[in-house]
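**Q** Structure incoming, see below.
The values are calculated or read from the model by the stated rules, or taken from the named source; none is laboratory data. For clarity, every value in this text was computed on a predicted model and none was experimentally measured. All Cβ positions, even for glycine, are placed from backbone atoms using ideal geometry, and neighbour counts span all protein chains on display. These accessible areas exclude ligands, DNA and RNA; they are computed on the full protein's heavy atoms, side chains included. Shrake-Rupley method; radii C 1.70, N 1.55, O 1.52, S 1.80 Å.
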Amino acid sequence: MLFKQQVLLRQKLFVLGSLAIGSLLYLVARVGSLDRLQPLCPIDGRFGPRGQDEIPLRALQFKRGLLHEFRKGNATKEQIRLHNLVQQLPKAIIIGVRKGGTRALLEMLNLHPSVVKASQEIHFFDNDENYAKGIEWYRKKMPFSYPHQITIEKSPAYFITEEVPERIYKMNSSIKLLIIVREPTTRAISDYTQVLEGKERKNKTYYKFEKLAIDPNTCEVNTKYKAVRTSIYTKHLERWLKYFPIEQFHIVDGDRLITEPLPELQLVEKFLNLPPRISQYNLYFNATRGFYCLRFNIVFNKCLAGSKGRIHPEVDTSVITKLRKFFHPFNQKFYQITGRTFNWP
């Protein structure tokens, strides 16, 4: 009886071994045949030789958490060297304007696999103390990236600070400059709303917008009020044009970026000479938040901070009318200089 069981066991082992060897031989043959097959849709053929336009998949970056570790400063020099990561000076800067949508624009451009953003506003060119630390200090503030990627930072104070154009020119005279604008009166009220919210958090009182925007002595627009001055876009742009040709600027419609972001982002891709990669898949409207959120992949989604899309206080209609009338000639000149017309009142 025992002998028969041993014989049966040997037979089963022989059959299983034969099946395993057969499967292995089939796989080897199958792989060999696949290597000889020509793919029906050769991806490499559409995008050129491997290595030239190859972009690391953002999904893999998030899965590994590699760039996240580098941003936190947890990576060793050896890891950085092995992964060919560098800290590059920006090849494009979002220079303004404040409350025009600079954060939204930066986060949306970061959807592109060839773009890496500086997470924080560096304030290198508009801050004398930071600027005195030198260009290498600025470089060290940039995120790690692959050599083929471009780094972008945003500091909206750059647009209105007198010294900045010359300082950026000295760093890189061919840099690409992005300006995102909104209807000037709406932008001024948004500017006021942000300051007001900060005052309220500290239990401080603050003037009404009307009292700040209109000079009580003359009943005219108060051009000394910073929120008003910032919205005179053409005055600031003219200072930049002393150093950079208009071709190095791209004007983004901040109002349209809120309601219809994809066409605006596609224009920026073209301006930055990036292959078109951002699609409608990457943008979805969040009805609760009232604006578009970002989809990097099937796992990672992101909405802008809750402070975005603040509700503006009600402003006297006569003040709004007066401001729009004041801004109108400046807007016309801005259209003429930039070659882009907006449907502003």
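**Q** Taking the condition of being assigned to a helix (DSSP H, G or I), β-branched (Val, Ile, Thr), open to solvent by less than 30 Å² (accessible area, probe 1.4 Å) and under 24 Å from His312 (Cα atoms), how many residues in the stretch 155-194 meet it?
**A** Matching residues across the stretch 155-194 total 3.
**Q** Tally the residues that are closer than 23 Å to Arg187 by Cβ, free of Cβ contacts under 8 Å to residues at least 24 places away in the same chain and more than 13 Å from the chain's Cα centre (by Cα), restricting the search to the stretch 287-302.
**A** Result for the stretch 287-302: 2.
**Q** Further question on the same structure: Could you tell me whether the stretch 253-271 includes any residue that is among the acidic types (Asp, Glu), at pLDDT 95 or above, assigned to a helix (DSSP H, G or I) and in contact with a helix residue (DSSP H, G or I) (Cβ under 6 Å, 6 or more places away or on another chain)?
**A** Looking for residues that are among the acidic types (Asp, Glu), at pLDDT 95 or above, assigned to a helix (DSSP H, G or I) and in contact with a helix residue (DSSP H, G or I) (Cβ under 6 Å, 6 or more places away or on another chain), one finds at least one in the stretch 253-271, hence yes.
**Q** Here is a further query. Among (1) open to solvent by 10 Å² or more (accessible area, probe 1.4 Å); (2) in contact with a Lys or Arg (Cβ under 7 Å, 6 or more places away or on another chain); (3) of a type in the set (Gly, Ala, Ser), which single condition is Gly198 missing?
**A** The single condition Gly198 does not satisfy is (2).
**Q** Tell me, please, whether a residue that is touching a Leu at 6+ places or on another chain (Cβ under 9 Å) and aliphatic (A, V, I, L, M) can be found in the stretch 329-344.
**A** Yes, some residue in the stretch 329-344 is touching a Leu at 6+ places or on another chain (Cβ under 9 Å) and aliphatic (A, V, I, L, M).
**Q** On to the next question. Limited to the stretch 238-271, what total is found for residues that are farther than 25 Å from Asn343 by Cα and either open to solvent by 80 Å² or more (accessible area, probe 1.4 Å) or under 13 Å from the mean Cα position of the chain (by Cα) (or both)?
**A** Result for the stretch 238-271: 2.
**Q** Same structure again: Tally up the residues in the stretch 280-301 that are part of a strand (DSSP E or B), open to solvent by 70 Å² or more (accessible area, probe 1.4 Å) and over 14 Å from Leu111 (Cα atoms), please.
**A** Count: 1.
**Q** Here's another thing I want to ask about it. Specify which of the listed residues (Ile152, Ile122) is of a type in the set (Val, Ile, Thr), under 20 Å from the mean Cα position of the chain (by Cα) and either assigned to a loop (DSSP other than H, G, I, E, B) or under 30 Å from Thr317 (Cβ atoms) (or both).
**A** Exactly one of Ile152, Ile122 is of a type in the set (Val, Ile, Thr), under 20 Å from the mean Cα position of the chain (by Cα) and either assigned to a loop (DSSP other than H, G, I, E, B) or under 30 Å from Thr317 (Cβ atoms) (or both), namely Ile122.
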